[in-house]
Structures are given as structure tokens and as C-alpha cells.
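Step one of this worksheet: look at the structure below.
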Amino acid sequence: MATALITGASQGIGACIAKRLAKDGYNVAINHFPSDSDKANAEKVAEECRSFGVEAELFAANVADYAQCEAMTKAVKERFGSIDALVNNAGITKDGLMVRMSEEQYDAVIAVNQKSVFNMMKLVGAVMMRQRHGHIVSLASVAGLYGNPGQINYSASKAAIIGMTKTVAKELGARNVTVNAVAPGFIKTPMTDALTEEQRNKMLELVAMKRYGNPEEVASVISFLCSEDASYVTGQTIEISGGLMM
Ligand code: NAI
């Protein structure tokens with residue numbers, strides 16, 4: 001049975017992706033940040049994944065840390081025998097207008113959102129090259145495509161993912177490994193629930209479909225990119241935004 005490794009899968013979109021890939025028949029390796037609360041949440045996600053009749057196991061690692069990613073990749077390979085899909089989902093925001101943003105805020109977002117993708121693509125990419133098979137999908141964002149005031153760090157990290165995706169697609173293509181990204185727009189999460197009605201309406205004016213997306217609508221595109229139906233799709237960034245900018 002094929003195995004998918006999803007980073008930052010203890011909550012939010014990552015948890016939804018893990019459940020969708022489990023439903024698709026993947027055994028799932030659920031990465032979570034090494035904290036007690038993330039572990040407890042990840043355990044609930046694993047339980048739900050197991051209800052689809054697949055195996056699910058937790059792997060703690062801070063994905064910004066290369067050594068922890070290396071240990072995790074080794075552990076997943078040993079436990080499941082192969083790694084057939086990698087979803088780079090873990091991400092953070094530390095927003096602020098550029099003139100007020102601290103160096104710490106900038107570096108932290110680059111480390112978690114961008115460096116982690118290098119760590120995981122390099123380590124799992126090596127496994128997939130040897131297997132001559134694999135699908136890698138990374139979570140970019142519309143902020144990486146169009147920019148967003150208050151998010152110079154975040155948009156830099158997400159734009160970088162788009163370039164990294166194209167480069168690694170070219171490096172691994174001949175080994176039958178596909179490498180793609182998705183760029184979600186406004187997705188309904190606790191973050192967007194906290195916005196005022198006015199803020200929400202202003203954002204939705206820009207969206208052709210006049211509604212937020214759901215985490216499930218992000219997970220379904222990732223499911224496709226991790227399936228054999230997408231076997232000739234690589235180096236692409238698919239926007240999941242209900243038609244934000246056209
Ligand atoms: P979230 O904050 O609910 O989940 C992020 C997950 O990443 C959490 O489980 C967190 O523990 C984990 N994480 C953070 N730092 C980590 C680290 N160093 N090591 C391991 N895990 C770590 O966020 P959400 O909304 O589910 O976002 C998931 C991804 O989708 C992120 O990459 C985000 O940038 C991206 N995205 C989200 C959008 C949205 O509207 N929610 C829109 C566009 C992109």
C-alpha cells in the first residue's frame with residue numbers, strides 16, 4: 001500500500017489533507033510540531049484516518065530543522081517501506097507592514113514555510129528517486145502569486161515555493177516524480193472566522209464565486225495531484241481561490 005507524508009497535519013488544512021489521502025487509500029504519516037497539544041490533536045486525526053481502513057502514525061518534527069526532518073524521513077521509510085506522496089503543508093504567519101517588521105518575524109516565516117520545503121523535498125525526493133515513483137505537493141498561496149500588504153515574509157516564502165516546485169520538477173521528472181504546488185485563496189478556517197463581517201465582505205468582493213473555500217476543496221485538488229490521474233502534471237501551481245484574479 002502507498003504511503004503519504006503530510007507535514008503540519010495536526011489541524012486545519014493539513015488534517016483535512018491527511019483524512020482525504022487516507023480515504024483515497026494511502027497509509028498516512030502524520031507529521032506534527034513537537035508539542036503536547038499538537039501531538040494530542042494529531043492523535044485524533046490519526047484515529048479518523050484509521051477509520052478508512054489504512055494505517056496512520058504520528059511523526060514529531062519541527063520541519064524548519066534539517067536534522068529533525070532527516071530523522072523523520074528515515075523513520076517513515078522504515079515504518080512503511082516507501083514514501084509515495086509528500087505534502088508540504090506546515091506553515092505560519094507573522095504579519096506586519098514591512099517598515100515595522102522585525103528581522104525575527106521575517107526569518108521565522110522563511111524558516112518554517114520555505115526552508116522546510118527544501119529540507120523535505122531533498123530528503124523525501126532522494127527516497128522517491130530511488131523508488132522511481134512519487135508525488136510532491138507543496139502549499140503555496142495567492143499571497144505568493146499576487147503579494148499581500150503586511151505579508152512580505154509570507155509572500156516571499158510562498159513565491160519561493162513556486163520557483164522551487166518548478167526547479168525540482170525539472171530535476172526529478174526523469175525519475176517519474178511529479179512536483180506541484182497549490183495556491184489557496186481565502187479558505188474557511190478559524191483564522192477567517194475571526195474576521196469582522198465588513199472585512200469578510202471586502203475580501204469576497206474580489207472572489208468570482210463570492211464565497212470562501214473549504215479545506216476539503218484544497219484537499220481534493222491535492223488528492224488529484226497525488227493520484228495516477230495526474231501522472232503527466234508536473235511543475236505546476238494550481239490556484240484554488242474561487243477565481244480571485246483573472
Ligand atoms: P494552521 O495554522 O491551521 O495549520 C498549520 C499547521 O502547521 C499546524 O498544524 C502547525 O502545528 C503546523 N506547523 C507550524 N510550524 C511547524 C513546524 N515548524 N513544524 C511542523 N509543523 C508546523 O494553518 P492552515 O490554514 O491549515 O494552513 C495550512 C497551509 O496552507 C499553510 O502552509 C498555509 O500557509 C497554507 N495556506 C492557508 C490558507 C488559508 O486560508 N488558511 C490560504 C493559503 C495557503
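The values are calculated or read from the model by the stated rules, or taken from the named source; none is laboratory data. On a predicted model such as this, the values are computed, not experimentally measured, just so you know. In this analysis, Cβ positions are derived from the backbone assuming ideal geometry, glycine residues included, and neighbour counts consider all displayed protein chains. Please note that ligands, DNA and RNA were not included when accessible areas were found on the heavy atoms of the full protein model with its side chains. Shrake-Rupley method; radii C 1.70, N 1.55, O 1.52, S 1.80 Å.
If the condition is being open to solvent by less than 10 Å² (accessible area, probe 1.4 Å) and either of a type in the set (A, V, I, L, M) or touching a strand residue (DSSP E or B) at 6+ places or on another chain (Cβ under 8 Å) (or both), then segment 142-157 contributes only A143. Residues that are in contact with a Cys (Cβ under 8 Å, 6 or more places away or on another chain) and within 27 Å of R132 (Cβ to Cβ) do occur in segment 207-220, at least one of them. Within segment 39-88, the residues that satisfy the criterion of being open to solvent by 20 Å² or more (accessible area, probe 1.4 Å), in a loop (DSSP other than H, G, I, E, B) and either of a type in the set (V, I, T) or within 16 Å of the ligand (Cβ to nearest atom) (or both) are N62, A64, D65. Return yes when T165 is hydroxyl-bearing (S, T, Y) and part of a helix (DSSP H, G or I) and no when it is not. Yes, satisfied. One residue stands out among those in segment 89-122 that are closer than 18 Å to C226 by Cβ and hydrophobic (A, V, I, L, M, F, W, C): the one that is surrounded by the most Cβ atoms within 10 Å (Cβ to Cβ), which is V117. Applying the set (1) within 15 Å of the ligand (Cβ to nearest atom); (2) in contact with a Phe, Trp or Tyr (Cβ under 9 Å, 6 or more places away or on another chain); (3) among the β-branched types (V, I, T) to V233 leaves exactly one unmet item: (1).
Just give me the residues in segment 20-38 being open to solvent by 70 Å² or more (accessible area, probe 1.4 Å) and farther than 17 Å from L5 by Cβ, in sequence order. Across segment 20-38, the qualifying residues are D36, S37.
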